[in-house]
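Novice: For reference, the structure I am asking about is given below.
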Amino acid sequence: MSIRIESAKCVGCGRCTDVCPGNLLFLQQRKAVIRDSRDCWGCTACVKECPQDAICFTLEATLGGAGGRLYAQDSAATLTWVLRLADGAEQRITVNKQQANAY
Ligand code: SF4
Ligand code: SF4
């Protein structure tokens, strides 16, 4: 998996650049860009932080089908992973954050 930044959706808020633990993301002309995607280890912090659905993971064929994209919709109580396949099909997995940490 690797991240993909959709520039047309990016509003330049800088939230992704603040959370990347590898300092891989930066703003260029008010759009987020990644220095070298090969350095990304897929921690998902930027995907979860982006309020615009501008960052997703692209999925390999063995995971979600070629062209599939994985987005995150974060809220105070839940985190929803949204899988959009190339054919338009969509699947969602919603995690209750409090229950996820209750083990
Ligand atoms: S997935 Fe993690 S390591 Fe990769 S660019 Fe996003 S925040 Fe940085
Ligand atoms: S968090 Fe999303 S909208 Fe904000 S700068 Fe990063 S990619 Fe753009």
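Per-residue answers, yes or no, for (1) in contact with a helix residue (DSSP H, G or I) (Cβ under 7 Å, 6 or more places away or on another chain); (2) more than 20 Å from Thr58 (Cβ to Cβ); (3) loosely packed, with under 14 Cβ neighbours inside 10 Å; (4) not hydroxyl-bearing (Ser, Thr, Tyr):
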| position | (1), (2), (3), (4) |
| --- | --- |
| Glu6 | no, no, no, yes |
| Cys10 | no, no, no, yes |
| Asp18 | no, yes, yes, yes |
| Leu25 | yes, no, no, yes |
| Ile34 | no, no, no, yes |
| Arg38 | no, no, yes, yes |
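Novice: Can you pull out the residues in the stretch 5-44 that are in a strand (DSSP E or B) and either at pLDDT below 95 or near ligand 1 (Cβ under 10 Å from one of its atoms) (or both)?
Specialist: Ile5, Leu25, Ala32, Ile34
Novice: Where in the stretch 49-88 are there strands (runs of 3 or more DSSP E), lying fully within it, with 1 or more residues that are at pLDDT 85 or above and open to solvent by 60 Å² or more (accessible area, probe 1.4 Å)?
Specialist: Passing ranges, in order: 69-74, 78-84.
The values are calculated or read from the model by the stated rules, or taken from the named source; none is laboratory data. Because the structure is predicted, anything quoted here is derived from the model rather than measured. Methodologically, a virtual Cβ is constructed for each residue, glycine included, from the backbone with ideal geometry; neighbour enumeration extends over all protein chains shown. All accessible areas refer to the heavy atoms of the entire protein, side chains included, with ligands and DNA or RNA removed. Shrake-Rupley method; radii C 1.70, N 1.55, O 1.52, S 1.80 Å.
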